[in-house]
Amino acid sequence: MIDLDPAFRPVTRLDGYHRLEDLGLLGDGQTTALVGLDGSIPWLCLPRFDSDPVFCGLLDNANGGQFTVAPEDLREARQRYVRDSGVLVTELRCPTGTVRVTDALALRAGADLSDDMPSGRSELVRSAEVIEGTVRLRVEVQPRDGAQARPSFDGIELRPARRSDLVLHLRANRPLSGPHATYELGSGERLDLVLSWGRIHRHHRFDAVELLAHTVAAWQRWMTRFDYAGPQSQLVRRSAVTLKMCDDWVNGSVVAAPTSSLPAPVGGVRNWDYRYSWVRDAAFSVFAMRRIGFLNEADAFLGWVLDAFERSGRPRIMYTVDGSLVPDELDDVALAGYRGSAPARWGNGAADQRQHDVYGEVLDCADQWARAGGEVRPALWDSLTLLANSAQDEWRNPDQGIWEVRSEGRIFTYSAGLCQVALDRAAGLSERLGLPGPVAAWRGCADHLRELILHQAWDEKTQTISAHLDGGGNLDASLLALPLRGIIPANHPRTVATTKAVSERLSAGDGLLYRYLHDEQSDGIAGDEGAFLLCSFWLVDNLALQGRLDEAESLYDKLCAKTSPLGLLSEQIDPSTGSLIGNFPQAFSHLGIVASGVNLARAKESAST
């Protein structure tokens, strides 16, 4: 549960690794870092989200490397964000005193985070101040596999052993003897450190406090656009910042999560690299952001995805942050894996899958954009028309579905439903804006798909719409998304029955849901998994649309209480322990917080009038 004024708590690890609940996120629109409750940074990819990590202790606590600023004999700590920002404050207490470490990926003075220009300075700021007693402060800068270090004008130059393309520069307000040092500090004294990987200026003025102030100001200016009046407002504010930190501000893409290979469950092999932009996840994210006042992100995404489709020759389900093809999936056998959950992986083997929902995701985004005043010019309309025509043809063909099964493809109901969305939105755009296109054919196919979902996919025996368009009664929690996209009516008896079936048969307890049952549907991957958080937020939305507002709000509050003290969520939760598992933080989970909060607020307002 998010805690804006947390108490100190013991600093512990599980099997030598951070609990995900004990990690905070930094971001600058180009990359992210994770900061542990113990003052270490065990994850930082440079220079961008999907680069090889410089600090990778998250996936190998012995050999992965980290950047630590912490007192000796650390006992307890607490973390909080500076209000409405990506600046993190960690207070660390030892028997002799307490030190406050303020961390940020620095932003330029006056940066406008809604603009598609670089805002980051390519600098990590770590500012430590003793606020009580005296502290022996330990500093360790240890890239994965080590680094060559040498003095360099006003600091230390580091050349990571694994990265011949990367030069790091460490500066401080106190003398630096090397990448490993200890400082004796008394109350009110400080140690400021700046790690740079961009252009290095020999006589650049060093002022960490000013860098932090500019960074906070930039974040808080961006948050003035925040527009939300609903439940869990503090958590929704924090989720907006978290989603922005998963956004590539220049390109307009959104990474599914800023990490790779965090297992779900721990000890399993479902360890995937999420540092890429899935068209589906990004479209969901920017739609959620639009609903709380952030319009520019949706505009940038639409341009990014259409450019990526054009360059790749056909729509693909995911791209790198700059719209290039995702690299092949490779196992990194040198890394032990988080809590021993090998293998760690780079690249993603699902990148070449066929998933027909991409057509609907993009057409829906374009429709929202046009409704907000965006101009659909001829070249854009030509691209959208091609996508609608592809949806009209492709829904009949098997694909791997929203959950990216690595088994034989099927005609998934969700995929067919999103093809219906593509056709419906294309027809609507053509009708409203007078754009050319085969509107009657699009409308006819969209209506046909809706009927197939309500009748052919319906299973009388199990009283549910099925996961596959040919019926059979197997369940898939993505069925909950169908009424949310307007594919089928939320109050249709078969929608209501499907909501009931999913909530009962896929229940993991305590309001949590599995995506599907592995003993009913093989996905081609060994082992089980945890409860998938976004599915539970979809259940909140269905309950709200069906007028069951008390149930919806109760479930929403219960899900929001599962965040870390910093208000962060992973992809999944282990139902047996309640622990966060999977890549962290996960955009899907945070857009669930935002979207369900908006839906609840609107449903309550409608019910009161």
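The values are calculated or read from the model by the stated rules, or taken from the named source; none is laboratory data. None of the values given here were measured: they were computed from a predicted structure. Neighbour counts run over all protein chains shown; Cβ positions are idealised from the backbone, glycine included. These area figures cover heavy atoms from the full protein model, side chains too; ligands, DNA and RNA do not enter into them. Shrake-Rupley method; radii C 1.70, N 1.55, O 1.52, S 1.80 Å.
A481 - would you say it is crowded, with 20+ Cβ neighbours inside 10 Å and more than 30 Å from G527 (Cβ to Cβ)? Considered against the rule, which asks whether it is crowded, with 20+ Cβ neighbours inside 10 Å and more than 30 Å from G527 (Cβ to Cβ), A481 comes out as no. Restricting attention to the stretch 586-599, does a residue exist that is surrounded by fewer than 24 Cβ atoms within 10 Å (Cβ to Cβ), assigned to a helix (DSSP H, G or I) and out of contact with any Leu (no Cβ under 9 Å at 6 or more places or on another chain)? Taking every residue of the stretch 586-599 in turn, at least one turns out to be surrounded by fewer than 24 Cβ atoms within 10 Å (Cβ to Cβ), assigned to a helix (DSSP H, G or I) and out of contact with any Leu (no Cβ under 9 Å at 6 or more places or on another chain).
Among the numbered conditions (1) within 21 Å of L517 (Cβ to Cβ); (2) part of a helix (DSSP H, G or I), the only one that V405 does not meet is (2).
Can you pull out every residue in the stretch 155-198 that is of a type outside the set (A, V, I, L, M, F, W, C), outside any strand (DSSP E or B) and over 19 Å from T98 (Cβ atoms)? Once the filter is applied, which keeps residues that are of a type outside the set (A, V, I, L, M, F, W, C), outside any strand (DSSP E or B) and over 19 Å from T98 (Cβ atoms), the stretch 155-198 yields R162, R163, S164, D165, N173, R174, P175, S177, G178, P179, G198. Pairing each residue of the stretch 56-74 that is aromatic (F, W, Y) with any residue that is open to solvent by 50 Å² or more (accessible area, probe 1.4 Å), provided the two are 6+ apart or on different chains, yields C-beta distances under 9 Å for F67/E140; F67/Q142. Being open to solvent by 10 Å² or more (accessible area, probe 1.4 Å), at positive phi and of a type in the set (D, E) is a description that does not apply to D3. Residue count for the stretch 408-438 under the criterion of being open to solvent by less than 60 Å² (accessible area, probe 1.4 Å) and in a helix (DSSP H, G or I): the result is 18. Counting residues in the stretch 171-189 that are touching a helix residue (DSSP H, G or I) at 6+ places or on another chain (Cβ under 7 Å) and among the hydrophobic types (A, V, I, L, M, F, W, C) gives zero. Contact map, the stretch 80-107: first residue farther than 13 Å from L23 by Cα and of a type in the set (D, E), second residue assigned to a strand (DSSP E or B) and open to solvent by less than 10 Å² (accessible area, probe 1.4 Å), Cβ cut-off under 7 Å, separation 6 or more or different chains; pairs are E91/A77; E91/T98. If I filter the stretch 322-344 down to residues being among the hydrophobic types (A, V, I, L, M, F, W, C) and out of contact with any strand residue (DSSP E or B) (no Cβ under 6 Å at 6 or more places or on another chain), which single residue comes out as surrounded by the fewest Cβ atoms within 10 Å (Cβ to Cβ)? Result: V333. Quick one: would you say D28 is open to solvent by less than 20 Å² (accessible area, probe 1.4 Å) and in contact with a Phe, Trp or Tyr (Cβ under 8 Å, 6 or more places away or on another chain)? So D28 does not fit the description; no. Among the residues of the stretch 49-64, those that are buried (at least 19 other Cβ atoms within 10 Å of the Cβ) and out of contact with any Leu (no Cβ under 9 Å at 6 or more places or on another chain) comprise F49, D50, G57, N61. For the stretch 442-457, does any single residue satisfy the condition of being in a helix (DSSP H, G or I), in contact with a strand residue (DSSP E or B) (Cβ under 9 Å, 6 or more places away or on another chain) and more than 21 Å from R280 (Cβ to Cβ)? Looking for residues that are in a helix (DSSP H, G or I), in contact with a strand residue (DSSP E or B) (Cβ under 9 Å, 6 or more places away or on another chain) and more than 21 Å from R280 (Cβ to Cβ), one finds at least one in the stretch 442-457, hence yes.
The number of residues in the stretch 199-216 that are open to solvent by 40 Å² or more (accessible area, probe 1.4 Å) and either of a type in the set (G, A, S) or at pLDDT below 80 (or both) comes to 8. Count of the stretch 1-19 residues, restricted to those that are among the aromatic types (F, W, Y) and closer than 17 Å to D574 by Cβ, is 1. Taking first residues from the stretch 308-321 that are touching a residue at least 24 places away in the same chain (Cβ under 8 Å) and among the basic types (K, R) and partners that are surrounded by fewer than 21 Cβ atoms within 10 Å (Cβ to Cβ) and outside any strand (DSSP E or B), the Cβ contacts under 7 Å between residues at least 6 apart in sequence or on separate chains come to R316/A351. Restricting D38, D3 to residues that are at pLDDT below 95 and in a loop (DSSP other than H, G, I, E, B) narrows the list to D3. The number of residues in the stretch 560-609 being under 13 Å from L533 (Cβ atoms), of a type in the set (D, E, K, R) and in contact with a helix residue (DSSP H, G or I) (Cβ under 9 Å, 6 or more places away or on another chain) comes to 2.
For the stretch 411-466, filtered to residues that are closer than 22 Å to W369 by Cα and basic (K, R), the residue that is nearest to the chain's Cα centre (by Cα) is R425.
Among residues of the stretch 439-461 being in contact (Cβ under 8 Å) with a residue 40 or more places away in the chain and not small (G, A, S), the one that is surrounded by the fewest Cβ atoms within 10 Å (Cβ to Cβ) is L454. For P327, the conditions (1) modelled with pLDDT of 90 or more; (2) closer than 26 Å to F412 by Cβ are fulfilled apart from (2). Looking across the stretch 76-110, just one residue is under 20 Å from G567 (Cα atoms), out of contact with any strand residue (DSSP E or B) (no Cβ under 9 Å at 6 or more places or on another chain) and open to solvent by 30 Å² or more (accessible area, probe 1.4 Å), and that is R83.
Being part of a strand (DSSP E or B) and in contact with a Pro (Cβ under 6 Å, 6 or more places away or on another chain) is the filter here; which residues of the stretch 512-534 pass it?
The answer is L512, A531.
The set of residues from the stretch 147-166 being exposed (fewer than 15 other Cβ atoms within 10 Å of the Cβ) and not charged (D, E, K, R) comprises Q148, P151, F153, A161, S164. Residues of the stretch 535-566 that are assigned to a loop (DSSP other than H, G, I, E, B), surrounded by fewer than 24 Cβ atoms within 10 Å (Cβ to Cβ) and of a type in the set (S, T, Y): S564 alone. Within the stretch 286-319, being of a type in the set (S, T, Y) and either surrounded by fewer than 22 Cβ atoms within 10 Å (Cβ to Cβ) or modelled with pLDDT under 95 (or both) holds for one residue alone: S312.
Tell me yes or no: at least one residue of the stretch 499-513 is without any contact (Cβ under 8 Å) to a residue 40 or more places away in the chain, polar (S, T, N, Q) and open to solvent by 10 Å² or more (accessible area, probe 1.4 Å). Yes, the conditions are met somewhere in the stretch 499-513. Given the options A350, A379, A391, name the one that is closer than 20 Å to G313 by Cα, out of contact with any helix residue (DSSP H, G or I) (no Cβ under 7 Å at 6 or more places or on another chain) and open to solvent by less than 50 Å² (accessible area, probe 1.4 Å). Matching residue, one of A350, A379, A391: A350. Listed conditions (1) in a strand (DSSP E or B); (2) more than 26 Å from G29 (Cβ to Cβ) are all met by D145, apart from (1).
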